[in-house]
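A quick write-up on the structure given underneath.
No lab work stands behind these numbers, since they all come straight from the coordinates. None of the values given here were measured: they were computed from a predicted structure. Note that each Cβ is placed from the backbone with ideal geometry, even for glycine, and that neighbours are counted across all protein chains shown.
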Amino acid sequence: MREMGIEGIHPGPNLSKRALEHKIYPYLLRNITAQYPHHIWGIDITYIRMPRGWMYLVAVIDWHTRYVMSWALDQTLEMPFVLDAVDRAFSTALPTIFNSDQGSHFTSDSYLERLLSRDIQVSMDGKGRALDNVFTERLWRSIKYEEVYLNEYDSPRHARERIRDWFTFYNTKRPHQSLDYQTPWEVLSAGNTSRPSPS
């Protein structure tokens with residue numbers, strides 16, 4: 001299994017460590033279901049094994065439609081690639097609630113300021129509760145078993161191209177049983193109720 005890069009979904013770099021001085025927000029979504037597009041978004045980071053080391057993948061997903069609003073892949077865990085994904089998602093729509101884990105990226109001032117300045121409610125998973133962000137966890141499982149574990153990426157560019165193609169397939173071609181066998185794009189385009197950006 002190690003030769004295929006299959007080491008489970010979670011083992012590997014710990015991506016959920018938080019800075020102790022950063023503020024933690026409560027989990028707002030217990031017993032709440034996303035009712036419409038852009039009601040609830042989730043964001044998370046996972047890792048991709050490369051021949052030498054790791055790359056890191058961040059994605060923003062709309063919980064109602066399962067549409068991946070944006071993603072970014074980088075060779076480091078520095079903040080800019082996370083903020084780039086957030087900014088690109090916000091260029092198309094704004095959620096009512098944005099959920100993440102308590103990792104240092106998502107408790108940082110630069111991340112939180114982007115949400116709070118747009119009147120977005122901040123929700124954070126309970127510590128060690130991956131199922132609080134269940135749709136993102138399912139996304140990671142899908143991309144790893146349908147794409148990452150089936151291919152060897154010989155360069156960051158190769159990984160980026162393959163993952164870009166998979167996200168396009170996921171959003172526009174891959175039907176979801178939970179969406180009555182529609183694609184995320186079909187559900188999103190049929191019910192676009194995004195909040196207007198602040199002027």
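One table, with the values for the structure above:
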quantity: Under 14 Å from the Cα of residue 23 - aspartates and glutamates, other chains or at least 8 residues apart; calculated: 101, 109, 113, 125
quantity: Separation in nanometres of the label points that stand 7 Å from Cα toward Cβ, at residue 189 and residue 145; calculated: 2.9 nm
quantity: Gain on full stretching of the segment that runs from residue 109 to residue 33 - 0.36 nm per residue minus C-alpha separation; calculated: 24.6 nm
quantity: Theoretical gain in end-to-end length, residue 162 to residue 119 [0.36 nm per residue, Cα-Cα removed]; calculated: 12.0 nm
quantity: Residues of segment 52-66 with amide N under 17 Å of the 7 Å Cα→Cβ point at residue 78; calculated: 54-58
quantity: Descending semi-axes in Å of segment 2-190, equivalent ellipsoid built from Cα gyration tensor; calculated: 24, 21, 15
quantity: Compactness of segment 107-165, expressed as Rg and Dmax over alpha-carbon positions, Å; calculated: 16.0, 42
